[in-house]
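Every number in this text was worked out from the coordinates using simple rules, so none of it is lab data. Since the model is a prediction, treat every value here as computed from it, not as a measurement. Ideal geometry is used to build each Cβ from the backbone, glycine not excepted, and the neighbour counts take in all protein chains shown.
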């Protein structure tokens, strides 16, 4: 019966994926923001305690301010990158041609970059890139207007759902606990506490790691003289929650910026120093202290979960990957302990 129920639940998630997206996103945000709401609602203003509704509104305002600040910081700087690339790529190709061509001639290969032709092509393409983007955007709006309205509805629905989840968080959890059969209640609550500890330590600790690394990479690249230090540093810091892949993507962006702005050796040395120290800071100081080593979510497990759940359930699967992995890791650990303590495992003779 339970296997059938589980299969039906998975099928329901697949069918209702687009509808569940704002609810799952709001649920994850509510889980992360609820401790802050609890702390604010326990504060006293004079002799009065802050109402929970006010605490919810304060936390949601802080969240919106952070998101808006990221948008206002990253987008304007990225808009300046197109002229920089148009100016610097031909110079980079000329330097590369001066280095590679003699080496190829020594090997008996006659090859040379058509720098002027590439420069003309890049100038033409990049000068019309903005018009092309707007044309494509307007075309997609005309063709996929319903999809666009769906995304707008989802974005508007997330804060509404988040507000009610934060407002009624503890009563909803109490109702879920009361719905569990009494003979299973103690075990289910024990498993729930384990999952909560695992998720809380990972999620909230990882958010702190992302914040610290965003500040570090932005400051480090700015000290090194990078004009795009802020967006590249923020993007690198925000992507570290994807092990190795996020760091690799941030490193690639920094290398591209270094090649576009500096002489080849100077930029590469700056990136190597900043990102090398950042990796040491993350691996040996931030992650052990803020996230903890007892999480049990191996980096390969996180990567596989993100890819597998994304393939099965789309964007909803990406949102579900972390909590589902935590639940599965707790369940597998208990199943393993039960198996090792069973007579089936310990019996030496048939």
Q: Specify the inter-centroid distance of region 273-290 and region 178-195, based on alpha-carbon positions, in whole Å.
A: 38
Q: When a/c is below 1.5 the answer is rounded, else prolate if a/b is larger than b/c, else oblate, so apply that to region 193-274 with a ≥ b ≥ c taken from the square roots of the Cα gyration tensor eigenvalues.
A: prolate
Q. When ranked by the protection proxy of mean other Cβ atoms within 10 Å per residue, highest first, what sequence do the peptides 273-286, 249-262 form?
A. 249-262, 273-286
Q. Does region 163-204 come out rounded, prolate or oblate, given a ≥ b ≥ c as the square roots of the eigenvalues of its C-alpha gyration tensor, rounded meaning a/c under 1.5 and, failing that, prolate meaning a/b above b/c?
A. oblate
